[in-house]
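Just below is one structure, and these are the notes that go with it.
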Amino acid sequence: MLLKGKKGIIFGALDQKSIAWKVAEESKKQGAKFVLTNAPIAMRMGEINDLAEKCNCEIIPADATSMDDLENLFIKSQEILGGKIDFILHSIGMSINVRKGNHYTDLNYDFMVKGMDVSAMSFHKVMQTAIKLDVMNEWGSIVALSYIAAQRTFPDYNDMADNKAYLESIGRSFGYHFGKHKKVRVNTISQSPTMTTAGSGVKGFDGFYKYADMMSPLGNAPAEDCANYVISLFSDLTRMVTMQNLFHDGGFSFTGVSQDIMDNFITIDK
Ligand SMILES: NC(=O)c1ccc[n+]([C@@H]2O[C@H](COP(=O)([O-])OP(=O)(O)OC[C@H]3O[C@@H](n4cnc5c(N)ncnc54)[C@H](O)[C@@H]3O)[C@@H](O)[C@H]2O)c1
């Protein structure tokens, strides 16, 4: 019961594969009370209702790029949960250029701006609204999900790479201010490739996934393990961890090359 008595808001549960879905299930198991939220358009698919029923919680639609929606979300969440918030999960990503298959050297800038707003600036908007409405409890925790393309080039990750770099930077910058303001910590988790709707939208994702799995000494980190890591960051066990980008990737980020990958290239001279 690591989250007993804690209240939270979870953004981004679309279907059973979503990382946010697993975080919601685990948060429930660990004793938290929370509200689920997603873009109104994503609600129409309806699967989030099953999760809400299972977790005995309410859903409040919010487009994470709309300040009005976010204000409404925070005000209503406090009413429903009966007080201030202890944790927030930002599990949101979207690039229209990726969806349309536009090459990185031939991007549509309207799509680029929209993707940046949804995938990165929304993290700032969530935290700015939370500060203005003073919704967070002291020693609260805010987590967003990222990917290593923020630091290293993965060509098919396209403009999402830039969005993730921006997201991680917002985590650091806001982490400073939220720490000083209210002792709230802000971190990003850089997760392995994971078979979800957002993940498999990336061109060549299967190859991407297999390569990372062969490179990582522990293999790719599953969504369930990612949820456990998120829970640890919401819990009081990590009170002094803030402004970090934390790799949750089975060792991928610090592996130069693995034997499994090398075996594909080595020819043995007899
Ligand atoms: N799947 C992977 O390989 C992988 C790897 C590393 C990081 N991540 C990150 O994890 C996070 C969650 O993605 P996922 O893999 O669980 O996929 P997912 O498709 O299940 O989740 C993405 C969510 O973003 C929501 N969303 C999109 N636009 C929104 C808006 N305007 N307002 C509010 N919500 C909006 C979608 O409705 C969806 O629920 C994303 O930030 C993603 O980039 C994913």
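Does Ile261 count as within 16 Å of the ligand (Cβ to nearest atom) and either within 21 Å of Ala150 (Cβ to Cβ) or of a type outside the set (D, E, K, R) (or both)?
Answer is no for this residue.
hydroxyl-bearing (Ser, Thr, Tyr) and assigned to a loop (DSSP other than H, G, I, E, B): is that true of Thr65 in this structure?
yes
Which condition number in (1) surrounded by fewer than 20 Cβ atoms within 10 Å (Cβ to Cβ); (2) more than 19 Å from the chain's Cα centre (by Cα); (3) touching a residue at least 24 places away in the same chain (Cβ under 8 Å) is the one that Ser77 fails?
Evaluating Ser77 over (1) surrounded by fewer than 20 Cβ atoms within 10 Å (Cβ to Cβ); (2) more than 19 Å from the chain's Cα centre (by Cα); (3) touching a residue at least 24 places away in the same chain (Cβ under 8 Å) leaves (1) as the failure.
Is it the case that Tyr209 is aromatic (Phe, Trp, Tyr), near the ligand (Cβ under 8 Å from one of its atoms) and touching a Ser or Thr at 6+ places or on another chain (Cβ under 7 Å)?
For Tyr209, the condition - aromatic (Phe, Trp, Tyr), near the ligand (Cβ under 8 Å from one of its atoms) and touching a Ser or Thr at 6+ places or on another chain (Cβ under 7 Å) - is not met.
Test each condition in (1) within 24 Å of Ala221 (Cα to Cα); (2) in a helix (DSSP H, G or I); (3) within 12 Å of the ligand (Cβ to nearest atom); (4) not β-branched (Val, Ile, Thr) for Leu70 and report the one that comes out false.
It fails just one condition, (1).
Looking at region 194-232 only, could you name the residues that are among the basic types (Lys, Arg) and in contact with a helix residue (DSSP H, G or I) (Cβ under 6 Å, 6 or more places away or on another chain)?
Within region 194-232, Lys203 is the sole residue that qualifies.
Please list, ordered by residue number, the helices (runs of 4 or more DSSP H) wholly in region 141-219 having 3 or more residues that are touching a residue at least 60 places away in the same chain (Cβ under 8 Å).
Passing ranges, in order: 160-182.
Would you check if Ile9 is within 16 Å of the ligand (Cβ to nearest atom) and outside any helix (DSSP H, G or I)?
So Ile9 fits the description; yes.
For Ile92, indicate whether it is at pLDDT 95 or above, closer than 17 Å to Lys28 by Cβ and surrounded by 14 or more Cβ atoms within 10 Å (Cβ to Cβ).
Against the criterion (at pLDDT 95 or above, closer than 17 Å to Lys28 by Cβ and surrounded by 14 or more Cβ atoms within 10 Å (Cβ to Cβ)), Ile92 does not qualify.
Only one of (1) in contact with a Phe, Trp or Tyr (Cβ under 7 Å, 6 or more places away or on another chain); (2) at pLDDT below 95 fails for Gly204. Which number is that?
(1)
I want to confirm something. Restricting to region 193-205 and keeping residues that are farther than 13 Å from Tyr157 by Cα and surrounded by fewer than 18 Cβ atoms within 10 Å (Cβ to Cβ), which single residue is nearest to the ligand (Cβ to nearest atom)?
If we take residues in region 193-205 being farther than 13 Å from Tyr157 by Cα and surrounded by fewer than 18 Cβ atoms within 10 Å (Cβ to Cβ), then Thr197 is nearest to the ligand (Cβ to nearest atom).
Listed residues Met1, Met45; which is over 18 Å from the mean Cα position of the chain (by Cα), within 9 Å of the ligand (Cβ to nearest atom), assigned to a loop (DSSP other than H, G, I, E, B) and surrounded by fewer than 20 Cβ atoms within 10 Å (Cβ to Cβ)?
That would be Met45, the only listed residue that is over 18 Å from the mean Cα position of the chain (by Cα), within 9 Å of the ligand (Cβ to nearest atom), assigned to a loop (DSSP other than H, G, I, E, B) and surrounded by fewer than 20 Cβ atoms within 10 Å (Cβ to Cβ).
Report whether or not Asn38 is within 10 Å of the ligand (Cβ to nearest atom) and among the polar types (S, T, N, Q).
yes
Starting from residues that are among the acidic types (Asp, Glu) and out of contact with any helix residue (DSSP H, G or I) (no Cβ under 6 Å at 6 or more places or on another chain), keep the ones in region 233-268 and report whichever is nearest to Val143 (Cα to Cα).
Among those that are among the acidic types (Asp, Glu) and out of contact with any helix residue (DSSP H, G or I) (no Cβ under 6 Å at 6 or more places or on another chain), it is Asp236.
Name the residue, out of Lys28, Lys33, Lys17, that is away from the ligand (no atom under 13 Å from the Cβ) and surrounded by fewer than 18 Cβ atoms within 10 Å (Cβ to Cβ).
Of Lys28, Lys33, Lys17, the one residue that is away from the ligand (no atom under 13 Å from the Cβ) and surrounded by fewer than 18 Cβ atoms within 10 Å (Cβ to Cβ) is Lys28.
Restricting attention to region 12-35, which residues are in a loop (DSSP other than H, G, I, E, B) and touching a helix residue (DSSP H, G or I) at 6+ places or on another chain (Cβ under 9 Å)?
The answer is Gly12, Ala13, Leu14, Asp15, Gln16, Lys17, Ser18, Gln30, Ala32.
Taking the condition of being part of a helix (DSSP H, G or I), within 10 Å of Asn158 (Cα to Cα) and in contact (Cβ under 8 Å) with a residue 24 or more places away in the chain, how many residues in region 87-111 meet it?
Of the residues in that region, 3 qualify.
The values are calculated or read from the model by the stated rules, or taken from the named source; none is laboratory data. These numbers were taken from a predicted model, which means no experiment stands behind them. With ideal geometry, Cβ positions are generated from the backbone for all residues, glycine too; neighbour counts draw on all protein chains shown.
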